[in-house]
Amino acid sequence: MAKLKGIFAIGIAGEFGINNKLLEHIPEDLVNFKKETLNKTVIMGSNTWKSLPKKLPDRKTIVLTKKTPTSKKGEFPDVIFNCFEDLCGYINKRKNEEFIIIGGKQIIELFEEEFDELIITSIPNTYPTADTILDLEFLKNYKLRSTKKIKTTNENFDYIYVKELERKAP
């Protein structure tokens, strides 16, 4: 069976984004994101695709959207699905492949009961202007495997915490 992994960053109260952008630019988190997604297949929604400055290099890109995605410097996603069920069928046919769900909120919510593993960057800050909040109730189905404390160059906090979770046994 294909492996499904989610990777995203959240603030203290589950804040996920502001104006279709990341909560903060944290270079150390972006390094971790690249390490986890490089040479893998990433799945995202149309807003996440739109928020990227360019297509993510060295990754197969799948976008789930009802609209035709816009071009990124002449590049389009590798695969586009208009229907969640069709995307799930595609995933299920690729038994030995790993798929990384990177957002946005609606895509995370579609897969929240399906993840085998999660990599969550916890940002020790609150974001009152966040307009996208993730309901973290689904995390009760996962257990913590490890936590890494990573020093940052961010002026608002000194560390981020990268938590790896795995699905609890049924």
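The values are calculated or read from the model by the stated rules, or taken from the named source; none is laboratory data. Just so it is clear, the model here is predicted, and its values are computed rather than measured. Virtual Cβ from ideal backbone geometry, glycine too; neighbours counted across all protein chains shown. Surface areas here come from the heavy atoms of the whole protein model, side chains and all, with no ligands, DNA or RNA. Shrake-Rupley method; radii C 1.70, N 1.55, O 1.52, S 1.80 Å.
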Identify all residues within the stretch 123-170 that are among the polar types (S, T, N, Q) and in a loop (DSSP other than H, G, I, E, B); write none if there are none. ASN125, THR126, THR129, THR152, THR153, ASN154, ASN156
Give the residue, chosen from THR68, THR147, that is under 21 Å from THR37 (Cα atoms), more than 17 Å from the chain's Cα centre (by Cα), open to solvent by 60 Å² or more (accessible area, probe 1.4 Å) and among the hydroxyl-bearing types (Ser, Thr, Tyr). THR147
Looking at the structure I just gave you, is LYS140 charged (D, E, K, R) and either under 19 Å from ASN20 (Cα atoms) or in contact with a Phe, Trp or Tyr (Cβ under 8 Å, 6 or more places away or on another chain) (or both)? no
Residue list for the stretch 4-25, filter: more than 21 Å from GLU117 (Cβ to Cβ), open to solvent by less than 30 Å² (accessible area, probe 1.4 Å) and in a strand (DSSP E or B): GLU15, GLY17
Note: among LYS95, LYS67, just one is more than 30 Å from PRO128 (Cα to Cα), touching a helix residue (DSSP H, G or I) at 6+ places or on another chain (Cβ under 9 Å), assigned to a loop (DSSP other than H, G, I, E, B) and charged (D, E, K, R), namely LYS67
Taking the stretch 110-122, which residues are open to solvent by 40 Å² or more (accessible area, probe 1.4 Å) and not in a helix (DSSP H, G or I)? GLU112, GLU113, GLU114, ASP116
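Residues ILE107, ILE102: which one is within 14 Å of ASN47 (Cα to Cα) and assigned to a strand (DSSP E or B)?
Values: ILE107 fails: assigned to a strand (DSSP E or B).
Just a single option satisfies the conditions, and that option is ILE102.
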Filter the stretch 26-65 down to residues that are touching a residue at least 60 places away in the same chain (Cβ under 8 Å) and open to solvent by 60 Å² or more (accessible area, probe 1.4 Å), then give me how many there are. 0
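Please specify each residue of the stretch 71-87 satisfying the condition of being surrounded by fewer than 17 Cβ atoms within 10 Å (Cβ to Cβ) and either outside any strand (DSSP E or B) or not hydrophobic (A, V, I, L, M, F, W, C) (or both). Working first, answer last.
Just the residues of the stretch 71-87 that are surrounded by fewer than 17 Cβ atoms within 10 Å (Cβ to Cβ), to begin with: 71-76, 78-79, 82-86.
Result: SER71, LYS72, LYS73, GLY74, GLU75, PHE76, ASP78, ASN82, CYS83, PHE84, GLU85, ASP86.
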Counted residues, the stretch 131-144 - those being crowded, with 18+ Cβ neighbours inside 10 Å, closer than 20 Å to SER46 by Cβ and not polar (S, T, N, Q): 1
